[in-house]
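A short worksheet on the structure shown next.
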Amino acid sequence: MGRRVVLGLAALGAIGVAVGADVERAANKVTAPLRKRDPTGLADLIPGGRFEIYSVASNVPWVKAADYRLKVHGLVDVPLTLSYADLEAMPQTQLTRDFQCVTGWRVTDVPWSGVRLADLLGLLGARPEARAVTFRSFDGLYDESLTIEQARRDDVLVALRMLDGPVSHEHGGPVRLYVAPMYGYKSLKWLGEIELVDKVSPGWWERRGYDVDAWIGKSNGRDDEPV
Ligand SMILES: Nc1nc2c(c(=O)[nH]1)N[C@H]1C(S)=C(S)[C@@H](COP(=O)(O)O)O[C@H]1N2
Ligand SMILES: [Mo]
């Protein structure tokens, strides 16, 4: 495994004030260049829906798989910096699930594949005082966290592939997080850093009003949603 020190992450910016889905929509407007174009509008008619491309950052560095590094550190026995090849060499787990944004859109039966976060944590040796995991995006803005129990679920992936191909830049490639049982805002794109910490800190959208525990159908006042 590579242990090279990697690209320093840009300082985490804190911007924005208001709360909820309106802010999510407003933030997404910034990212027009990242959105998929569909001049026909026909994509809206495809059953099962399609992905909206979201980014709170207007410019995200384009990182090739060969240049990719994932820093994993904090309350672990062996802090590591992993390359894309390191991640590819680990056992890959496949999952096919619906992807659901808290604002209402859903894409059915999306295939994902990657390294179980649990396997990664096992490799590094989480210390007993590690109670939570914080994730930071190399977009310099977005962050998320999970409790250590959530992070050890077998449906939480450090994803290298989605939709039967490598994770594309617009979907958060080369590597993003995929938290299957939770709303889309937990599935941090452009994953740059994983830190084991002593407690959960609310992520980018959670500081703006979304629930920290983002269970699909059991959070954010959407208790009536089918899972
Ligand atoms: N870095 C980063 N990750 C992110 C977001 C973001 O703005 N920045 N948006 C989140 C939200 S709200 C959703 S619904 C999903 C959307 O994933 P997609 O852009 O691949 O459709 O990404 C999540 N991960
Ligand atoms: Mo979302």
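Odds and ends about this structure:
- Local electrostatic count, Met90, Cβ distance below 12 Å [Lys/Arg +1, Asp/Glu -1]: -2
- Alpha carbon convex hull of segment 39-149, projected area averaged over orientations, nm²: 9.2
- Segment Lys64-Asp223, length gained on full extension (0.36 nm per residue, minus Cα span): 53.3 nm
- Basic side chains Lys and Arg get +1 at the Cβ, acidic Asp and Glu get -1 at the Cβ, and with that the dipole of segment 145-198 about its Cα centre reaches some 140 debye.
- Measuring max minus min along each principal axis, the C-alpha atoms of segment 78-225 give extents of 42, 36, 28 Å (largest first).
- Pairs beyond 30 Å (Cα-Cα), from Lys64/Lys199; Lys71/Lys218; Lys189/Lys218: Lys64/Lys199; Lys71/Lys218
Values quoted throughout were computed directly from the atomic coordinates according to the rules given, and no laboratory measurement underlies them. What you are looking at is a predicted structure, and each value in this text was computed from that prediction instead of being measured. Neighbour counts are summed over all protein chains in view; Cβ atoms, including those assigned to glycine, are modelled from backbone coordinates with ideal geometry.
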